[in-house]
Amino acid sequence: MITNKKPRSSDTDSNYMRDDRTDMSEDDDRSPPSDSIANDSCPTRTCTPGSGSGSSSIPEYPAPYPDQVLENVLENVLWFLTSRKDRNAASLVCRLWYRVEAMTRSDLFIGNCYAVSPERATSRFTRIRSVTLKGKPRFADFNLMPPNWGAHFAPWVSAMAKAYPWLEKIHLKRMSVTDDDLALLAESFSGFKELVLVCCDGFGTSGLAVVASKCRQLKVLDLIESEVSDDEVDWILCFPDTETCLESLILDCVECHIDFDALERLVTRSPSLKKLRLNRFVSIGQLYRLMVRAPQLTHLGTGSFSQSEDVAQGELELDYVSAFAACKSLVCLSGFREIIPDYLPAIYPVCANLTSLNFSYANISAEQLKPIISNCHKLQTFWVLDSICDEGLQAVATTCKELRELRVFPFEAGEDIEGPVSEVGLQAISEGCRKLQSILYFCPRMTNAAVIAMSKNCPDLVAFRLCIVGLHQPDHVTGEPMDEGFGAIVMNCKKLTRLAVSGLLTDRAFAYIGKYGKIVRTLSVAFAGDSDMGLKYVLEGCPKLQKLEIRDSPFGDAALLSGLHHYYNMRFLWMSACKLSHQGCQQIAQALPHLVVEVIKHEDNVDKDEYVDTLYMYRSLAGRRHDVPRFVSIL
């Protein structure tokens, strides 16, 4: 069973639910035409004098080359095209459109850092101001990928430093970033404004200090679920002593003490600050001091939401309720990392205005949740631990009629743990929150009836991820496989693009997915399936499939080879602990030479099994990468 790592953030406009940005054409289904160079010499038209015109001649006027006129018009039009999908389509019309689309692109999205080389990207797109770059596949979040696999930022920042000295924004996800990379970034881009690092590692407070001191126009510094080493550098002190441009500062993942006095001064001289998320070393008393100085905040991560160990008497007497009441623009609340429930009434004044609430660190009961959630009528995003039980979810369903996204995480993950949420809570949500579009739900047991009810009550679902903890769990009432429940989801939810399946599933469930999941783009499978036919149904029936993640399932070579027609159209395929042989993987590599086929050997597997540990395949214009670690074989 896939278990999620500890949830960290849920701001719908700041965290990594920021998925789709403008993509580059190299990541589309087809390869674009080769670059062509426009003829810069414009022919001139000479008007010869006619009869009776005398000896004077009419001046020569340059006649614009027809393609140049079209290019100018096209350039003006394409500036307004922001959709990644639309831009990819435009670049495939012809060579002229391909060239002009590249000239007018300012935002570059690369979904796999190995899909194209930095040199190719920077030579084609010459006017980029914002770059989003993704590295390791998602299963790296669950410790399924060995450390030091790759996804290094170094070659990218080196190429961008030369090509884009005007670059303003960099968003990285699951990349390996060093302090030297951050130093080069800070020194190369004089007008740099925005750095977002999601699930990144390899850097520390030294690198952050360089960014803080040299990026004088910095507006956004968001560290989300990243691993930041403590170099014993007070990086907060390195921000300019003058008024800053900061609009967003997210540091809740930083697992080391920060200089609070320096942070307080920074917040005070940042009048544009709207988003602030604090780490667990910030006490509720310190939070109070920051809120008093920044009542303009719209997004707040509270830090520990408990007292410091050496709490002063004055901290006990602070009016926390008034501090929250003064933040009249607050719409997003998170944090609560080491919560003392007695302080929860302090947030009552802001509940009516909240659109996003993250309790995914707060071990609270249904009784503690009810007074809060009963006032959250505008809530659209809610993350919470299963400690609220089915009763808490019923309270959510009663009040939160505008809810669009729900995530319920396990307080204690384990197959033998009797979790407190079940099909009762899921059915209550489906009946009360009918505008729901995305759900992630961890539970120890489930029924087909509850899943079918959700498919009918919430037809606008775009993402449905049901994680039934425990191997091969059937419908706990009927004992039947969960086939009909997941079948109903793909049949009735016509907008579904993301699906995660679990529990006892037969090939019938995958037949449903192949038959009805025509727009599913991401599919995650764990401990499911009967035979190769299950995967065949999916690969032959889901034409829009881009990302396929499979672990601990019985699919073998025959299933893998059934997708030969589709792999070039996918971003990646991940299969771990399945029944794939080296020979089967080699056949794929030979049949699809432009596909990179990586076989990953895990160090803890000392036996030479007949099956590969992990297969990771992805399309690439760059071919075999040059930073292959010893435990990876590229076929």
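With the cut-off at 1.5 for a/c, could you classify the chain from its C-alpha gyration tensor as rounded, prolate or oblate? It comes out oblate by the Cα gyration axes. Estimated from the Cβ-Cβ distance and a Förster radius of 51 angstrom, the FRET efficiency linking residue 352 and residue 561 is about 0.35. With helices as the sole contributors, the chain gives -8000 deg cm²/dmol at 222 nm; each DSSP H run of n ≥ 4 counts as -39500 (n - 2.57), and the sum is divided by every residue. When DSSP beta bridges are restricted to pairs lying wholly in segment 459-612, around 5% turn out antiparallel. Mean sequence separation of contacting Cα pairs (under 8 Å, at least six apart), scaled by the length of segment 107-163, corresponds to a relative contact order of 45 percent. Sorting 196, 321 on solvent-accessible area from highest to lowest, probe radius 1.4 Å, gives 321, 196. What are the GluC sites (Glu not before Pro) within segment 236-272 that DSSP puts in a loop, where the Cβ has at most 13 other Cβ atoms within 10 Å? Hits after loop and neighbour filter: 243, 255.
Here the simple spin-label model places points 7 Å from the Cα toward Cβ, and for residue 123 and residue 80 these points are separated by 3.4 nm.
Taking a ≥ b ≥ c as the square roots of the eigenvalues of the Cα gyration tensor, an a/c ratio of 1.5 or more together with a/b no larger than b/c marks segment 301-457 as oblate. Ordered from largest to smallest accessible area (heavy atoms of protein chains, 1.4 Å probe), the residues 625, 129, 445, 138 come out as 129, 445, 138, 625.
Put a dot 7 Å past the Cα of residue 540, heading toward its Cβ, do the same for residue 581, and the two dots end up 2.2 nm apart. The relative contact order of segment 490-635, computed from alpha carbon pairs under 8 Å that lie at least 6 residues apart in sequence, is 18 percent. Taking the three principal axes of the alpha carbon atoms in segment 177-224, the coordinate ranges are 25, 19, 14 Å, sorted in descending order. For segment 461-475, putting each phi into the Karplus relation 6.51 cos²θ - 1.76 cosθ + 1.60 with θ = phi - 60° gives couplings of 4, 9, 10, 10, 10, 10, 10, 7, 5, x, 7, 6, 7, x, 4 Hz, in residue order, rounded to whole numbers and with x for Gly and Pro.
When the Cα centres of segment 562-607 and segment 67-116 are compared, how far apart do they sit, in Å? Comparing the Cα centres of segment 562-607 and segment 67-116, I get a distance of 32 Å. Distant-in-sequence amide contacts of residue 250, defined by a placed amide H-H separation under 5 Å and a gap of 5 or more residues or a different chain, comprise 221, 222, 223, 277.
Ordering 549-555, 566-572 by mean Cβ neighbour count within 10 Å, with the highest value first, yields 549-555, 566-572. Using the Karplus relation 6.51 cos²θ - 1.76 cosθ + 1.60 with θ = phi - 60°, the per-residue 3J(HN,Hα) values for segment 211-217 come to 4, 4, 7, 9, 8, 6, 9 Hz, with x marking Gly and Pro.
Within the chain, antiparallel bridges make up roughly 20 percent of the DSSP beta bridges whose residues both belong there. Note on segment 526-635: antiparallel DSSP beta bridges, both residues inside, total approximately 70 percent of the bridges counted. For the chain, averaging the sequence separation of C-alpha pairs within contact (under 8 Å, six or more residues apart) and dividing by the residue count gives a relative contact order of 8 percent.
Classification of segment 485-538 by its C-alpha gyration tensor yields a prolate form. The axis ratio a/c (a ≥ b ≥ c) is 1.5 or more, and a/b outweighs b/c.
Accessible-area rank, largest first, for 222, 261: 261, 222, with all protein chains present and a 1.4 angstrom probe. Using a probe of 1.4 angstrom and keeping all protein chains present, the accessible surface of the chain works out to 41 square angstrom per residue.
Between segment 271-293 and segment 411-475, the alpha-carbon centres lie 35 Å apart.
Scalar couplings 3J(HN,Hα) for segment 323-332, obtained by applying the Karplus form with A = 6.51, B = -1.76, C = 1.60 to θ = phi - 60°, are 5, 5, 4, 6, 8, 6, 9, 5, 10, 9 Hz; x denotes Gly and Pro.
In this structure, residue 602 and residue 478 have a Cβ-Cβ separation that, at R0 = 35 Å, corresponds to a calculated FRET efficiency of about 0.40.
Exposure check, 1.4 Å probe, all protein chains in place: residue 97 carries approximately 80 Å² of accessible surface.
Distance between the C-alpha centres of segment 184-207 and segment 528-547: 40 Å, rounded to the whole angstrom.
Expressed as a whole percent, the accessible surface of the chain that belongs to carbon and sulfur atoms is 50, based on a 1.4 Å probe.
The values are calculated or read from the model by the stated rules, or taken from the named source; none is laboratory data. Everything numeric here is computed off the predicted structure, so don't read it as measured data. Cβ: placed from backbone, ideal geometry, glycine included. Neighbour counts: every protein chain shown. The area values use the complete protein model at the heavy-atom level, side chains included, leaving out ligands, DNA and RNA. Shrake-Rupley method; radii C 1.70, N 1.55, O 1.52, S 1.80 Å.
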